[in-house]
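Quick notes on the structure that follows.
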Amino acid sequence: MKVLLVAEYREKELLESTYELATFADKLGAEKVWFAAGYNDNLPKVAGKLYLADANKYGEYNPDVHKNLILQVVEKENPDYVVFVHSSYGWDLAPRVAASLKIGQVSEIVDVVDGTFVVPACNAKLRRFVKPATGKGVLTIQAGAFQPAEPNGEPEVEELTLDTADSALGFVGYEEAEAKSVDLTKAEIIVSAGRGVGKPDNIPVIEELAKALGGELGASRPVVDAGWVDHSRQVGTTGQTVAPKLYVACGISGAIQHLAGMKKSEFVLAINTDKDAPIGEVADVLVVADVMQFVPALTEKIKSMK
Amino acid sequence: MKILVCIKQVPDMESKFKVDSEGKWYDQTDLAYRMNEYDEYAVEQAVRLKEQVKDADITVLSIGPERVKEAIKKALAMGCDRGVHIKDDEDYKKDPYQKANIVYEFAKDKGFDIIFTGMQSQDRGSGQFGVILAELLGIPAVTTIVGFEYADGVVTAKRELEGGKKAIVKVKLPALFTCQLGLNEPRYPTLPNIMKAKKKELLTHDVSEFLKDEALVETVKVDYPEKKGGALILEGDIADLVEKTVQILKEKTSVL
C-alpha cells in the first residue's frame, strides 16, 4: 500500500501536525510519499520522496492550484490514499482532490480497525466504521488522534511546477487573533461555562465559582458565539489551549474541538446532567447534576472554608 | 442575484442516540429535529445579502424525508423566498458525493450566483458536501467563513484558521461559501414572518429525478465509542455531591 501525505505550512512554518500523518501511515503499514506546498529551507524531516511546490510561488492557501499540484503527484505515484490532517487547510483541500478523482473521502479519522476507518458522529456519541467504496480514497485524520512521529530523516526532494498559479481565490493575507485580554494559558485554575449553563444571566454564577477558587472564567465555543462570554476566554481549537492544575467544565458536553483545548489539564471536574456526555472521557470526576443547582452550592462551600 | 442555500435537518445533539436496526446509523425515531446549526448561519448570511443588494431571490433546499420541510419552513420564515424539498426517505444512506450530485443536478442549469451551506453537519460532520458541489459546478468554494462582505460582484471573506487566526480571501461570483459558527447572529423568525412563510412556494421533487451516482464511501457499521472509564461518576443530592467534590479536590489537587 502507498499513501501520499500532505504536509501543511502556515506563515513559512511547517505545522507539527504534519508528523501525525507519518504515524497514521505507519499504522496502515504503508509506503510514504509526501507532498508539500512549502519552503526549501524548512522541509519536513521525514524519509521518503517529497514532491515540493514552492509556496513562495504557489501560495500557502491556494486550493485550486494545490489541488492541481496534488493531482499531478497522484498521476505519477498512483497512491492508494491521499491523506491530510483534518485542519482548516485539509478539510478545505481534501474534497477538491476527492471530487476531481471521483473517489471516496473519509473525514476526521480517529482510528483504524482492520483496514476500516473510525470516525466520530453526533458529537462523538457514536462512531462510524467506514471505507472508500472506490478502493482508493482521500482521507483526513483528526488532529491529535495520532501521536506525532519523531522527525527522523531527510526527504528526497522532487520539485513540482505548474504552468499557471492563477486561482479563482485571491489570498489577501492573515488576520491575527485579537489580542488576548486574558491569558488562560497561564491560569492555574479555570472554570468554564458551556451551553448547559442555559442562559447569559447564569454566567455570573460560573464566574463566582472561578473567583472563589482564585481562577479564571473560561468558555466553550457555543457560549462565545452566542455572545455570553468574550472570545478571549474561549478554550478549544479556535480559542486557547490550556493546561491548568484544575479545570472545571460546567455544562460542557465535550465537543472534540473543546477537548483538544483542555485535555492537558491536570485535574478535570465536569458538571453535567448527562452522564454519557463525551466530557466524561477526559474528566477525572463527573458530577451528574444541574449546573445551576450544584455550582452555587459548591461556591458557598468553598467560600465558607476560607 | 440568485442565491441558493442548502440546509440539513439534524437531531438535537443533546439527544440519546441509539444505533438503528441495520447497525449503520442512528435510530431516527423519538428524536427532536432542528435545522443544522451551521446552516442557520448560512440562511442568515443569504438573507443579509438580499437585504443589502435588494434585488435577490433566495432558494432554500433540503434533501430528506417529509419532516425536513419543517427546517425549510423555518428558513422561509427567516427570509428565504422559495423552498425546494428533495424528498428522500433514505437520505441518511447517501454519502456526501451523492448528495452533492443530487443538488448539482438540480442547480446546474439555474445560474445561481452564490451558494451558501454550513461548513459541516452536526450529525455526520464530514465537511465535504459544499466543496464537492462547488467542484461539480466548476465554481470556487471558500470554506469555514466567519466574515462576509459583498461589493460589486466580489466577496471578501474571512476563513477561520486554528488558534483564532483568520485568512482573508477575495473571490468573484459565482462562488460557494461554507459557513462557520459565529459568522453572524441568526435571527429568530417572527410570528408575522412565520405566517407569511406559509404562503411561500415550497416545491417537492422526488430524489429519483436527480440521483445519478453510486456512493463512493461505504459505511460498514456504527457503534458506541468505547468508554475509557476515566471519570469517577458522582450522583445524588446536591449537598452530598458538594461534600464529596470538595473532599476529592482536597485529596487530588493542590488548589484547596
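The values are calculated or read from the model by the stated rules, or taken from the named source; none is laboratory data. Bear in mind that the values here come from a model prediction, so they are computed numbers and not experimental data. Cβ coordinates were reconstructed from backbone atoms using ideal geometry, including for glycine residues, and neighbour counts include every protein chain displayed. For accessibility, only protein heavy atoms count, side chains too; no ligands or nucleic acids. Shrake-Rupley method; radii C 1.70, N 1.55, O 1.52, S 1.80 Å.
Rounded to whole Å, give me the distance from the Cα center of region A:112-146 to that of region A:241-303.
27 Å
Taking 2.2 N^0.38 Å as the expected size of a compact globular protein, what ratio does the Cα radius of gyration of region A:2-159 give against it, to two decimals?
Compactness ratio reported: 0.96.
Would you work out the charge dipole size for chain A about its Cα centre, treating the Cβ of every Lys and Arg as +1 and the Cβ of every Asp and Glu as -1, and quote it to the nearest 20 debye?
I would put it at about 960 debye.
If Lys and Arg each add +1 and Asp and Glu each add -1, what is the summed charge of the other residues whose beta carbon sits under 12 Å from the beta carbon of B:G182?
Numbers: positive: A:R221, B:K158, B:K166; negative: A:D225, B:E37, B:E40, B:E44, B:E160, B:E185.
Local net charge: -3.
Roll a 1.4 Å probe over the protein chains and send me the accessible area per residue for the protein assembly as shown in Å². Show your work: numbers first, answer last.
Values: 22950 Å² over 562 residues.
Ligands and nucleic acids excluded, the figure is 41 Å² per residue.
Could you give the angle, 0 to 90 degrees to the nearest 10, between helix B:96-107's Cα long axis and the longest principal axis of the Cα atoms of chain B?
Between the helix axis and the principal axis of chain B, the angle is about 30 degrees.
Between the helical axis of B:238-252 and the dominant principal axis of chain B, each derived from Cα atoms, what acute angle in degrees is found, rounded to the nearest 10?
Approximately 80 degrees, to the nearest ten.
Are there trypsin sites (Lys or Arg not before Pro) in region B:53-82 that DSSP puts in a loop and that have at most 15 other Cβ atoms within 10 Å, and which ones? List each step's numbers first, then the result.
On the way: sites: B:K54, B:R67, B:K69, B:K73, B:K74, B:R82; in loops: B:K54.
Passing both the DSSP loop test and the Cβ count: B:K54.
What is the magnitude of the charge dipole of the protein assembly as shown about its Cα centre, with +1 placed on the Cβ of each Lys and Arg, -1 on the Cβ of each Asp and Glu, and no other charges, expressed in debye to the nearest 20?
Working: 70 positive and 87 negative charges, 198 e Å.
Result for the protein assembly as shown is approximately 940 debye, rounded to the nearest 20.
For A:K131, tell me the accessible area in Å² from a 1.4 Å probe, rounded to the nearest 10.
80 Å²
What's the total accessible area buried between chains A and B, using a 1.4 Å probe, rounded to the nearest 100 Å²? Let's see the in-between values first.
Values: alone 15290 and 14750 Å², together 22950 Å².
It comes to approximately 7100 Å² buried between A and B.
Roughly speaking, what % of Cα-Cα pairs in region B:1-116 are separated by over 25 Å, rounded to a whole number?
Details: 1642 of 6670 pairs.
Beyond 25 Å sits 25 percent of the P(r) for region B:1-116.
Quickly estimate the mean residue ellipticity at 222 nm for chain A, helices only: each DSSP H run with n ≥ 4 gives -39500 (n - 2.57), and the total goes over all residues, rounded to 500. It would help to have the intermediate numbers written out before the result.
Values: 8 runs with 79 residues, N = 306.
One gets -7500 deg cm²/dmol as the mean residue ellipticity at 222 nm.
To the nearest whole percent, what portion of all C-alpha pairs in chain A is separated by more than 30 angstrom?
Details: 19681 of 46665 pairs.
In whole percent, the share of Cα-Cα pairs in chain A beyond 30 Å is 42.
Ignore the peptide's own chain and count Cβ atoms of other chains within 10 Å of each Cβ in B:207-220; give me the average, rounded.
On the way: counts 0, 0, 0, 0, 0, 0, 1, 2, 4, 13, 14, 9, 8, 10.
Across B:207-220, the average partner-chain Cβ count within 10 Å equals 4.
Can you tally the net charge around A:A289? Count Lys and Arg as +1, Asp and Glu as -1, for every other residue whose Cβ sits under 12 Å from the Cβ of A:A289. Could the numbers behind the result be given before it?
Details: positive: A:K275, B:K244; negative: A:D274, A:D290, B:E235, B:D237, B:D240.
Around A:A289, the charge tally is -3.
Percent of Cα-Cα pairs per 10 Å bin, from 0 to the last occupied bin, for the protein assembly as shown, please list those.
Per 10 Å bin, starting at zero, the Cα-Cα P(r) for the protein assembly as shown comes out as 3, 17, 27, 27, 18, 7, 1, 0 percent.
Let me check I've understood the local charge: for B:V131, count other residues with C-beta under 13 angstrom from its C-beta, Lys and Arg +1, Asp and Glu -1. What total comes out? Let's see the in-between values first.
On the way: positive: A:K67, A:R96, B:K99, B:R159; negative: A:D64, A:D92, B:E135.
Computed value for this residue: +1.
Give the residue from A:N78, A:T299, A:V268 lying farthest towards the positive end of the charge dipole for chain A; charges sit on Cβ (+1 for Lys and Arg, -1 for Asp and Glu) and the dipole is referred to the Cα centre.
A:T299
If we restrict to alpha carbons, what Rg and Dmax does region B:150-256 come to, in Å?
Just the Cα atoms of region B:150-256 yield Rg and Dmax of 26.0, 66 Å.
Tell me what chain B gives for mean residue ellipticity at 222 nm when only DSSP H runs of n ≥ 4 count, each as -39,500 (n - 2.57), the sum divided by the residue total, rounded to 500 deg cm²/dmol. The partial results should precede the final answer.
Working: 6 runs with 70 residues, N = 256.
For chain B, the value works out to -8500 deg cm²/dmol.
Do any trypsin sites (Lys or Arg not before Pro) in region B:167-209 lie in a loop, going by DSSP, with at most 11 other beta-carbon atoms within 10 Å of their beta carbon, and if so which? Intermediate values should be presented prior to the final figure.
On the way: sites: B:K170, B:K172, B:R187, B:K196, B:K198, B:K199, B:K200; in loops: B:R187, B:K198, B:K199, B:K200.
The qualifying sites are B:K198, B:K199.
Of A:V191, A:Y174, A:Q142, whose Cα points farthest to the positive end of the dipole of region A:128-201 (charges on the beta-carbon: +1 Lys, Arg; -1 Asp, Glu; origin at the Cα centre)?
Value computed over the given set: A:V191.
So, with +1 on the Cβ of K and R and -1 on the Cβ of D and E, and no other charges, what is the size of the charge dipole of chain B about its Cα centre, to the nearest 20 debye?
Details: 39 positive and 44 negative charges, 165 e Å.
Dipole about the Cα centre, nearest 20: 800 debye.
Between the DSSP loop rule and a limit of at most 15 other Cβ atoms within 10 Å, which GluC sites (Glu not before Pro) in region B:157-256 are left?
On the way: sites: B:E160, B:E162, B:E201, B:E209, B:E214, B:E218, B:E226, B:E235, B:E243, B:E251; in loops: B:E201, B:E214, B:E226, B:E235.
Listed in order of number, the matching sites are B:E201, B:E214, B:E226, B:E235.
In degrees between 0 and 90, to the nearest 10, how far off the longest principal axis of chain B does helix B:69-78 point, with axes built from Cα atoms?
70 degrees
For region A:184-304, what is Rg from Cα atoms divided by 2.2 N^0.38 Å, rounded to two decimals?
Working: Rg = 12.4 Å, N = 121, 2.2 N^0.38 = 13.6 Å.
Rg over 2.2 N^0.38 Å, computed on Cα atoms: 0.91.
If you take the C-alpha gyration tensor of chain B, multiply each eigenvalue by 5 and take the square root, what semi-axes do you get, largest first, in whole Å? All intermediate terms of the calculation are to be shown ahead of the outcome.
Numbers: eigenvalues 265, 113, 77 Å².
They are 36, 24, 20 Å, listed largest first.
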